[in-house]
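Novice: The structure under discussion is supplied below as structure tokens; questions concerning it will follow.
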Amino acid sequence: MYIRSADATAAFALTYGNMSGRPKAREETKYLFVHKHGVNVPKWPHRLMSMIDLAAFHAYHPELTNVTGRLPYHLSVWQDSAIEQGLSLLVEAPHALALSASSISVAVMYDNDTAIGPGSTQYEALKLVCREIKEYFPIIEVVGHDEKPEASNIANKQCPTPIIDMNLLREQLCQTTGK
Ligand SMILES: [Zn+2]
């Protein structure tokens, strides 16, 4: 898998550097959660362009995000189809409340001003991530954030809908991997 991860160490430090203790190592891996994340965010002067930007946004504006101030995604798929890793796949990331303890997260980055979802190359990159993660973690189930109500405090949350059709994605993954 091509992963742009030069900044991963910095994202990791920004996420956990000012907190006591290390991130918890995950003991089980049951789900790959697919999320969406807008590149245009409030209180931030520029569009988000990298995992380190995403980590900084969450660190500086926990009140707007998941409150923990920590980077919530292990992986992101950018609009130019670059795949970027921000956290070890073996630690917990705060993206799905209690289900974070048993899951990996990938965020599909999109232009939330226009609400235009992934183009074909970005979507192919997402499928590549899903396939590779399924190789490493064979029992994993690919789910959308809003398919698991217990994974969010927000009622009627839309993530990654409407920009990703999870049923279609799973169908396409089955066709290519046979799993
Ligand atoms: Zn989400």
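Novice: Sort out which residues of segment 64-76 are surrounded by 24 or more Cβ atoms within 10 Å (Cβ to Cβ) and outside any loop (DSSP other than H, G, I, E, B), and write them in order of number.
Specialist: Once the filter is applied, which keeps residues that are surrounded by 24 or more Cβ atoms within 10 Å (Cβ to Cβ) and outside any loop (DSSP other than H, G, I, E, B), segment 64-76 yields Leu75, Ser76.
Novice: Can you spot a residue in segment 72-85 that is aliphatic (A, V, I, L, M), free of Cβ contacts under 8 Å to residues at least 60 places away in the same chain and more than 16 Å from the ligand (Cβ to nearest atom)?
Specialist: No: zero hits.
Novice: Go over the candidates Gln122, Gln79 one by one and state the one that is assigned to a loop (DSSP other than H, G, I, E, B), within 18 Å of Pro162 (Cα to Cα) and in contact with an Asp or Glu (Cβ under 8 Å, 6 or more places away or on another chain).
Specialist: Details: Gln122 fails: assigned to a loop (DSSP other than H, G, I, E, B).
Answer to the check: Gln79.
Novice: On to the next question. Just one of Leu14, Leu32 is hydrophobic (A, V, I, L, M, F, W, C) and modelled with pLDDT of 85 or more; which is it?
Specialist: Working: Leu14 fails: modelled with pLDDT of 85 or more.
Unique residue meeting the criteria: Leu32.
Novice: Taking the conditions exactly as written (away from the ligand (no atom under 16 Å from the Cβ), among the hydroxyl-bearing types (Ser, Thr, Tyr), within 14 Å of the chain's Cα centre (by Cα) and within 27 Å of Pro138 (Cβ to Cβ)), does Ser88 satisfy them or not? Full working, then the answer.
Specialist: Numbers: away from the ligand (no atom under 16 Å from the Cβ): yes; among the hydroxyl-bearing types (Ser, Thr, Tyr): yes; within 14 Å of the chain's Cα centre (by Cα): yes; within 27 Å of Pro138 (Cβ to Cβ): yes.
Spelling it out, Ser88 is indeed away from the ligand (no atom under 16 Å from the Cβ), among the hydroxyl-bearing types (Ser, Thr, Tyr), within 14 Å of the chain's Cα centre (by Cα) and within 27 Å of Pro138 (Cβ to Cβ).
Novice: Give the residue that is nearest to Cys174 (Cα to Cα), with candidates limited to residues of segment 133-148 that are out of contact with any Cys (no Cβ under 8 Å at 6 or more places or on another chain) and assigned to a helix (DSSP H, G or I).
Specialist: Within segment 133-148, the first condition is being out of contact with any Cys (no Cβ under 8 Å at 6 or more places or on another chain), and the residues that meet it are 133-141, 143, 147-148.
With the extra rule that they be assigned to a helix (DSSP H, G or I), the set shrinks to 133-136, 147.
Details: Ile133: 14, Lys134: 11, Glu135: 13, Tyr136: 16, Glu147: 19 Å.
The qualifying residue nearest to Cys174 (Cα to Cα) is Lys134.
Novice: How do the pairs read when you match residues in segment 154-170 that are in contact (Cβ under 8 Å) with a residue 24 or more places away in the chain and at negative phi with residues anywhere that are assigned to a loop (DSSP other than H, G, I, E, B) and away from the ligand (no atom under 11 Å from the Cβ), using Cβ under 7 Å and keeping only pairs 6 or more apart or on different chains?
Specialist: Ile163/Gly117; Ile163/Pro118; Ile164/Gly117
Novice: I want to confirm something. Restricting to segment 149-167 and keeping residues that are assigned to a helix (DSSP H, G or I) and among the aliphatic types (A, V, I, L, M), which single residue is farthest from the ligand (Cβ to nearest atom)?
Specialist: By that ranking, first place goes to Met166.
Novice: Still on this structure, please answer the following. Looking at segment 124-145, is at least one residue β-branched (Val, Ile, Thr), more than 13 Å from the ligand (Cβ to nearest atom), closer than 27 Å to Asn40 by Cβ and surrounded by fewer than 17 Cβ atoms within 10 Å (Cβ to Cβ)?
Specialist: Scanning segment 124-145, I find no residue that is β-branched (Val, Ile, Thr), more than 13 Å from the ligand (Cβ to nearest atom), closer than 27 Å to Asn40 by Cβ and surrounded by fewer than 17 Cβ atoms within 10 Å (Cβ to Cβ), so the answer is no.
The values are calculated or read from the model by the stated rules, or taken from the named source; none is laboratory data. This structure is a prediction, so every number in the text was calculated from the model and none was measured. Neighbour counts are summed over all protein chains in view; Cβ atoms, including those assigned to glycine, are modelled from backbone coordinates with ideal geometry.
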